[in-house]
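In what follows, a structure is listed as structure tokens, so that the remarks can point back to it.
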Amino acid sequence: MCGIIGIIGKDDVAERLVDGLKRLEYRGYDSAGVATVHGGAIDRRRAEGKLNNLVKELAGSPLPGTTGIAHTRWATHGAPTTSNAHPHATGEVALVHNGIIENFKPLRDELIARGRTFDSQTDTEVVAHLVSELVEQGASPKDAVRQVLPRLHGAFALAILFRSHPDMLIGARLGSPLVVGYGDGETYLGSDALALAPLTQRIAYLEEGDWVVITAQGAEIFDKDNNPVERPVTISGVSGAMIDKGNHRHFMQKEIYEQPVVVAQTLKAYLQRMDDRVSLPIPDFDLSAIRRVTIVACGTSFYAGMVARYWFEQFARVPVDLDFASEFRYREPVMEEGGLALFISQSGETADTLAALRYARSQGQKIAVVVNVPTSSMAREADLLLPTHAGPEIGVASTKAFTCQLAVLAAFAANLARAKGRLTPAEEKEIVRHLAEAPAAINGALAYDEAIEAMAHHIVPARDVLYLGRGTDYPIALEGALKLKEISYIHAEGYAAGEMKHGPIALIDELVPVICIAPSGPLFEKTVSNMQEVQARGGKVVLISDYDGVQAAGEGCLATITMPKVHPLIAPMVYAVPVQLLAYHVAVLKGTDVDQPRNLAKSVTVE
Ligand code: HGA
């Protein structure tokens, strides 16, 4: 959410700032803007909507200046208009912000009472005025920022530009991520290492409460108590090339197709193929004393957690709680000693999940995280980091991160089961063997892309779509419905197949397609019965199953999609593919913006 970047460069920076924004646009695309200092004044260009509008604006009216900041916005306070676009500026100061200033209202009232006038409806603008006011009264930029930061409640990553000091920028973070990049006679700020990838690989991650003064010579970092501190400079693995669509029309399509490779990459880190064992990145992390697992996540990651609940309970016989991160800490859950709290997030920065993690920490829980960004806040706060190796995920609708999360969670469930004495070596070997089959099976599922595309035509005219599944197929039904809602804007709901008769079946008529996810196996016949209840009421069913399932129950369906026959353990990874492809093709046929669907953004760093 909201991407920020700042450059102190040797040459004009506007073009490189915009290039950085392209790499951050997945975080928000309500508006974009850039500001520099030149000719002794702050100057800026801003445009509503996608980044292209800013590019056009800059083409017509270029912006010189060797120090600058830029922003791509996902609006929280104030409509997505040009006047609410960042950078927000006074004569002395311009700044960009990711986060929410929760006490902006009293601060704004206070500033207005002192005669300051506001140009936007954002929470952010108060920060520009607070800093500017002090600078106007003669404070140095450093002193001004030092005085203002403690007044801000909520979450922020800030990059601040000063008219009178065109050779420096000040950054600060609390709750939202911010990194410092070290170049050759240049220094950078960015929301993440990806934004800075073409500029530098040398990255320092700011800690909570840190603030930083950057100049061309380097960075001076201070902690929340204003003590000078060193933050290690790491070499980031992300390359400039990684965010290319390749031959694909959309990032989402590319990421769906990457799944066999990235799931294999991920599994490699958790399976010892030579001796048929599962393993953890921290081999001596003791799981034997874990008495309960609490899984907390949001959105697609939540559904990965929901699948994992089945595995943890079935394999390890450990009781599992599962909650949405946004609800978790507000119900003040009782967390007993010996508990492991497991957080799942693609970015590792999701504000709700991070807050939940800190609550669990305060309750004496061991903390494990499944994240795709190993340098993220969650990764750094975990006792047990369980990385997915999906590579950067740019499409706002998560795909490959989900299947990689499932791969990690399956391997983790087996580790837990072994540690609890619930897994014989033979059973462990079986699990390793099945997991190792997942990449090829996912590849097999991708082979049905054309059939799914053809089927998508039936879904395009629908106003509502239902997805049904049982067992671990139930979270996949929920995920399928979420994907369809996110990118095609068709209303969709996922239900546990057996729940239909308790209410939702009233929705069924010939206009509501019902997508049944039902691999053949122990739950198949029960799901088929629910499917037949739908068909008996005129409902149009699309059956996604394997050859045996389609043979047994495909008759009378609107369409069938045949998946490879797989072991139930890897079925969620395989059956995720057709629901992703279906949503993708429906969205393409409807002409929506697949990679940047309306109102959404990736990496949700606000509560
Ligand atoms: N609150 C600011 C920044 C929004 C943001 O960081 N979103 O993720 C605004 O609304 O402009």
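General observations
- For the chain, the membrane-span-like helix rule (DSSP H, alpha carbon extent of at least 20 Å along the helix axis, mean Kyte-Doolittle at least -1.0) picks out 400-419, 473-488, 571-590; this says nothing about an actual membrane.
- Distance distribution note for the range 484-554: the fraction of Cα pairs above 21 angstrom is 25%.
- Shown is the FRET efficiency for Ala79 and His502, computed with R0 = 45 Å from the Cβ-Cβ distance and rounded to the nearest 0.05: 0.65.
- The eigenvalues of the Cα gyration tensor, multiplied by 5 and square-rooted, give the range 443-567 an equivalent ellipsoid with semi-axes of 19, 18, 14 Å from largest to smallest.
- Its alpha carbons considered, the range 516-604 gives a radius of gyration followed by a Dmax of 15.4, 43 Å.
- Only one residue of Val432, Leu523, His491 has its Cα farthest out toward the positive end of the dipole of the chain, where Lys and Arg carry +1 and Asp and Glu -1 on Cβ, and that residue is Leu523.
- Between the range 48-66 and the range 387-433, the alpha-carbon center distance in angstrom: 44
- Between His77 and Asp123, the built amide H atoms are under 5 Å apart, and every one of these is 5 or more places off in sequence or on another chain.
- Student exercise, the range 453-543 dipole from Lys, Arg, Asp, Glu Cβ charges, in Debye to nearest 20: 80
- The overall shape of the range 245-330, judged from the alpha-carbon gyration tensor, is oblate: a/c is not under 1.5, and a/b is no greater than b/c.
- Lys, Arg +1 and Asp, Glu -1 on Cβ, resulting dipole of the range 197-252 about Cα centre, debye, nearest 20: 500
- Entries of Lys105/Lys224; Lys268/Lys429; Lys526/Lys565 with Cα pairs more than 21 Å apart: Lys105/Lys224
- Mean projected area (nm²) of the alpha-carbon convex hull when the range 52-182 is viewed from all directions: 8.4
- Average 1/r across all pairs of distinct alpha carbons in the range 1-96, invert it, and you get the Kirkwood radius: 12.7 Å.
- Dimensions (Å) - the range 2-54, Cα atoms, principal axes, largest first: 31, 19, 16
- When you filter the GluC sites (Glu not before Pro) in the range 295-399 for DSSP loop state and at most 12 other Cβ atoms inside 10 Å of their Cβ, you are left with Glu336, Glu337.
- Prolate/oblate/rounded label for the chain (Cα gyration tensor, a/c 1.5): prolate
- DSSP bridge pairs, the chain: antiparallel proportion in percent, nearest 5: 60
- Kirkwood hydrodynamic radius of the range 130-181, from inverse mean 1/r over distinct Cα pairs, in Å: 11.7
- A Cβ-based charge dipole, computed about the Cα centre of the range 165-231 with Lys and Arg at +1 and Asp and Glu at -1, lands at about 140 debye.
- Per residue value of the accessible surface for the chain (all protein chains in place, 1.4 Å probe), Å²: 37
The values are calculated or read from the model by the stated rules, or taken from the named source; none is laboratory data. None of these values were measured; they are calculated from a predicted model. Cβ atoms come from the backbone with ideal geometry, glycine included; neighbour counts cover every protein chain shown. Surface accessibility is based on the protein's heavy atoms, side chains included, excluding ligands, DNA and RNA. Shrake-Rupley method; radii C 1.70, N 1.55, O 1.52, S 1.80 Å.
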